[in-house]
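Student: One structure, pasted below without further comment.
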Amino acid sequence: MATSTSGSSMQLGTGSSYLIKPKTMSIPLESFEVQIESLMDFASLKRNGMDMEALISAQKMFGYFRMLNGPTYVNLVKDFWVRVEVYDQEDAILEERQAVARDPSLKGKSRKEMGLEPFRRLEIRSTVMGIPITIT
């Protein structure tokens with residue numbers, strides 16, 4: 001179930017706002033170890049009998065694979081995960097109940113009629129540097 005989404009927001013000049021979301025985990029950032037993977041590990045492929053380097057070189061695609069394989073911003077990844085919450089069906093129902101508690105005339109109405117986003121699937125929600133991020 002999702003943790004509290006209470007946080008403050010700071011208005012930007014563009015009409016959108018940053019969301020300053022509290023941490024949902026008490027784990028110190030120094031305790032996190034981020035596992036960095038390469039999407040294409042040419043050395044591993046070569047060790048396993050598939051030398052792709054000549055093919056990639058002939059197509060002049062090494063620049064593309066360098067872009068895919070890095071860099072990883074470890075501090076941003078850590079910042080995302082200490083503020084994460086899971087939004088599921090139970091949270092969607094709770095959100096509807098809270099909307100009805102604020103305005104009883106919403107009882108029996110659809111999420112859309114309540115002014116809520118439709119619930120489609122489980123989501124992982126967090127913020128990075130105040131910008132809301134959702135993984136579905």
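The values are calculated or read from the model by the stated rules, or taken from the named source; none is laboratory data. Remember, predicted model here, so these are calculated numbers, not experimental data. FYI the Cβ positions are ideal-geometry reconstructions off the backbone, even for glycines, and counts take in every protein chain you see.
Student: Going by the structure shown, is residue 109 modelled with pLDDT under 90, among the basic types (Lys, Arg) and surrounded by 11 or more Cβ atoms within 10 Å (Cβ to Cβ)?
Tutor: No.
Student: Right, here's the next one. Go through segment 39-59 and count every residue that is surrounded by fewer than 10 Cβ atoms within 10 Å (Cβ to Cβ) and more than 33 Å from the chain's Cα centre (by Cα).
Tutor: Looking only at that region, the number is 5.
Student: Taking residue 46 as meeting all but one of (1) in the same structural domain as residue 24 (by TED's automatic domain parsing); (2) in contact with a helix residue (DSSP H, G or I) (Cβ under 8 Å, 6 or more places away or on another chain), write down the number of the exception.
Tutor: In the conditions (1) in the same structural domain as residue 24 (by TED's automatic domain parsing); (2) in contact with a helix residue (DSSP H, G or I) (Cβ under 8 Å, 6 or more places away or on another chain), residue 46 misses (1) alone.
Student: Still on this structure, please answer the following. Mind checking which residues of segment 80-89 are out of contact with any Lys or Arg (no Cβ under 7 Å at 6 or more places or on another chain) and either over 20 Å from residue 134 (Cβ atoms) or in a helix (DSSP H, G or I) (or both)?
Tutor: Selection gives 80, 81, 89.
Student: Still on this structure, please answer the following. Would segment 114-128 turn up any residue that is polar (S, T, N, Q) and either surrounded by 11 or more Cβ atoms within 10 Å (Cβ to Cβ) or part of a strand (DSSP E or B) (or both)?
Tutor: So far as segment 114-128 goes, yes, one or more of its residues are polar (S, T, N, Q) and either surrounded by 11 or more Cβ atoms within 10 Å (Cβ to Cβ) or part of a strand (DSSP E or B) (or both).
Student: I need every pair where a residue in segment 86-109 that is assigned by TED's automatic domain parsing to the domain that holds residue 126 has its Cβ under 7 Å from the Cβ of a residue that is acidic (Asp, Glu), sequence separation at least 6 or different chains.
Tutor: Going by the 7 Å Cβ cut-off, the qualifying pairs are 87/123.
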